[in-house]
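Asker: The structure's right below; bear with me while I get my questions together.
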Amino acid sequence: MDKFVVRGGNPLVGTIRVSGAKNSALPCMAAAILTEDEVTLENIPQVRDIETERKLLASMGAEVELGYGRAQHRTTISCRNLSDPVAKYEIVKTMRASSLVLGPLVARCGMARVAMPGGCAIGGRPIDLHLKGLEKMGAVITQEHGYLEARATRLHGAHLVFDKITVTGTEDLLMAAVLAEGETTMENCAREPEVTDLAALLIAMGAKIHGAGTPTIHVHGVPKLHGARHRINPDRIEAGTFLVAGAITQGDLIVSNCNPQHLGAVIRKLEESGARIDILSSDSVRVRADGPLKASDISTLEYPGFPTDMQAQYMALATQAEGVTMVKENIFENRFMHVQELNRMGANITVDGRTATVRGSSRLSSAAVMCSDLRASASLVLAAMVADGETIIDRVYHMDRGYERIEEKLRGVGAQIRRMGDVFAPREDAWHE
Ligand code: EPZ
């Protein structure tokens, strides 16, 4: 199992490049199910979840080419022959986002069998809202032996109102609606850029969608969709992670190939804490910090609020800020797994329900720590880059799920970080969010 060894003390200086967004690429790959034609996606990140999605689609009979040549990170998917519309347990248990094939499979094939995703490190993560929407669109859903089965001769349009804002729920049902008969109105939708990115691909495939990126989306169902070529958005969470890295190490870092428009809440929060942020162009942002930062509370919210996927990373920064930072996690019920590990490095954090109190100005020291989930992993790397001594971070396969070559990218701007152990050793038996 791979580990990272990180020696703290170096400010990050230079330019670091952001990869494509995993959480855009996953629904866009699933969207290829909706057509017999080829779908080509560019700017795909080289991360383990993408490989898992490739395996999942191939297991259903799709042909998936995945290339990571220097020039292009690209996948071409053909779902002409979907012989087995089943998302098997062995794959689903390693990646919950497998449930994104549910809507497209029912829309294209009239049936889907998807292993129940089960819980994960950060919370129960039910998909009841996905199922409720599919039933309203005419699917009959049964559950047995740990599998969900959804059947519909042809889905019909419906008026859906989400009880809670759900990103993959919005994406799953959007993909169901584009081939459904008639009109679908979806209210209380997620507005994340990943939803807008998926809608852009679906429209390029011939779907009729209005309102993606707003709380209300209208879809006029069409009988067929055709192939398309689409470039995946830059990863706003990777970009935010790098901005925090530049601030916490008191560096001067340019984050390139990003979209500053997707980073509003994170940039505002970093400015409040005293970091200097300059938007250099439509795809690059500069962060500088020379002197201690000030505590500034966060409360995670759906987009465009402060993203839950940046909460752990920001908490690492808060351990260094002057003052006390209150961190409120409103989206997931158990997303403080990184707190104990940060405290083992000398942080001073207490948790009460969904609120963490971070007493700042902590001198962090190296320790042997362990990743528990994707973003907690990033938090530990950030802390280790400012800790005295050499920190060993175990179970970095969590990080490899959503960060491409993270140690190479950070080393390129001055971090002292290296990987130990067999690279990308697959860990098929682990639960992942
Ligand atoms: C997506 O997960 C992201 N994953 C997560 O990123 C991200 O943390 C999350 O959205 C919130 O932004 C992908 O896009 C692949 P939700 P998702 O449905 O869609 C509850 C990462 O680090 N809920 O928006 O699964 C749910 O329990 C990952 O890259 C229901 O109750 O999250 C949660 O409390 C981690 N019933 C809240 O809604 C449902 O049917 C928001 O979850 C669906 C969700």
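Asker: Inverting the mean 1/r over all pairs of different Cα atoms, compute the Kirkwood radius of the chain and quote it in Å.
Answerer: 21.9
Asker: Report the paramagnetic label zone for Glu322: residues of region 273-291 whose backbone N is under 16 Å from a point 7 Å from Cα along the Cα-to-Cβ axis.
Answerer: The answer is 273-276, 289-291, whose backbone nitrogens lie closer than 16 Å to the label point.
Asker: By how many degrees, between 0 and 90 and to the nearest 10, does the Cα long axis of helix 48-59 differ from the longest principal axis of the chain?
Answerer: 20
Asker: While we're on this one: First measure r as the distance between the Cβ atoms of Arg359 and Arg276, then evaluate 1/(1 + (r/R0)^6) with R0 = 30 Å and state the FRET efficiency to the nearest 0.05.
Answerer: After rounding to 0.05, the efficiency reads 0.75.
Asker: Just the number please: accessible area per residue for the chain, 1.4 Å probe, all protein chains included, in Å².
Answerer: 37
Asker: As I understand it, the value is the acute angle between the Cα axis of helix 236-248 and the longest principal axis of the Cα atoms of the chain; what does it come to in degrees, rounded to 10?
Answerer: Rounded to the nearest ten degrees, it is 0.
Asker: Right, another one. How big, on average over all directions, is the shadow cast by the Cα convex hull of region 279-349, in nm²?
Answerer: In nm², the orientation-averaged hull projection of region 279-349 is 5.9.
Asker: Over the chain, calculate the relative contact order: mean separation of alpha carbon pairs under 8 Å at least 6 apart, over the residue count, as a percent.
Answerer: 22
Asker: May I pose another question? Rank Asn259, Leu317, Val219 by how far each Cα sits towards the positive end of the charge dipole of region 204-363 (+1 on Lys, Arg Cβ; -1 on Asp, Glu Cβ) and give me just the farthest.
Answerer: Val219
Asker: Can you give the FRET efficiency for Asp352 and His145, using 1/(1 + (r/R0)^6), R0 = 51 Å, r = Cβ-Cβ distance, to the nearest 0.05?
Answerer: In this case the efficiency is close to 0.80.
Asker: Still on this model: Of the cross-linked pairs Lys3/Lys132; Lys93/Lys294; Lys164/Lys294; Lys55/Lys328; Lys22/Lys269; Lys208/Lys409, which ones have a Cα-Cα span greater than 31 Å in the structure shown?
Answerer: From the list (Lys3/Lys132; Lys93/Lys294; Lys164/Lys294; Lys55/Lys328; Lys22/Lys269; Lys208/Lys409), the Cα-Cα distance tops 31 Å for Lys3/Lys132; Lys93/Lys294; Lys164/Lys294; Lys55/Lys328; Lys208/Lys409.
Asker: Compute from the Cα atoms of region 40-142 the Rg and the Dmax, the latter being the longest Cα-Cα distance, and quote both in angstrom.
Answerer: Rg and Dmax of region 40-142, Cα atoms, are 14.7, 46 Å.
Asker: Given a Förster distance of 35 Å, report the FRET efficiency between Asp163 and Val13 from their Cβ-Cβ distance, rounded to the nearest 0.05.
Answerer: The value I calculate is 0.15.
Asker: Still on this model: State to the nearest 20 debye the size of the charge dipole of the chain about its Cα centre, where the only charges are +1 on K and R beta carbons and -1 on D and E beta carbons.
Answerer: 420
Asker: Compute log10 of I(q)/I(0) for region 209-329 with the Debye formula, placing one identical point scatterer on every Cα and leaving out solvent, at q = 0.13 Å⁻¹, to two decimals.
Answerer: Calculated log10 I(q)/I(0) at the listed q: -0.57.
Asker: Let me ask you something else. Can you tell me which of Gly264, Gly353, Gly206 moves the most in a GNM of the chain? Springs connect C-alpha atoms under 10 Å apart.
Answerer: Comparing Gly264, Gly353, Gly206 in a Gaussian network model of the chain, the most mobile one is Gly353.
Asker: For region 219-263, run through the trypsin sites (Lys or Arg not before Pro) and keep only the ones in DSSP coil with at most 14 other Cβ atoms within 10 Å of their Cβ.
Answerer: Filter output for region 219-263: Lys224.
Asker: What is the distance in Å between the Cα centres of region 312-349 and region 263-303?
Answerer: 17
Asker: Just the C-alpha atoms of region 79-204: what Rg/Rh do they give, with Rh taken as the Kirkwood radius?
Answerer: Radius of gyration over Kirkwood radius for region 79-204 works out to 0.94.
Asker: Rounded to whole Å and ordered largest first, report the semi-axes of the equivalent ellipsoid of region 9-73 derived from its Cα gyration tensor (root of 5λ).
Answerer: They are 29, 12, 10 Å, listed largest first.
The values are calculated or read from the model by the stated rules, or taken from the named source; none is laboratory data. All values reported here derive from a predicted model rather than from experimental measurement. So basically every Cβ, Gly included, is an ideal-geometry build from the backbone, and we count neighbours across all protein chains shown. Ligands, DNA and RNA are stripped out before the accessible areas are found, and what is left, the full protein with its side chains, is counted by its heavy atoms. Shrake-Rupley method; radii C 1.70, N 1.55, O 1.52, S 1.80 Å.
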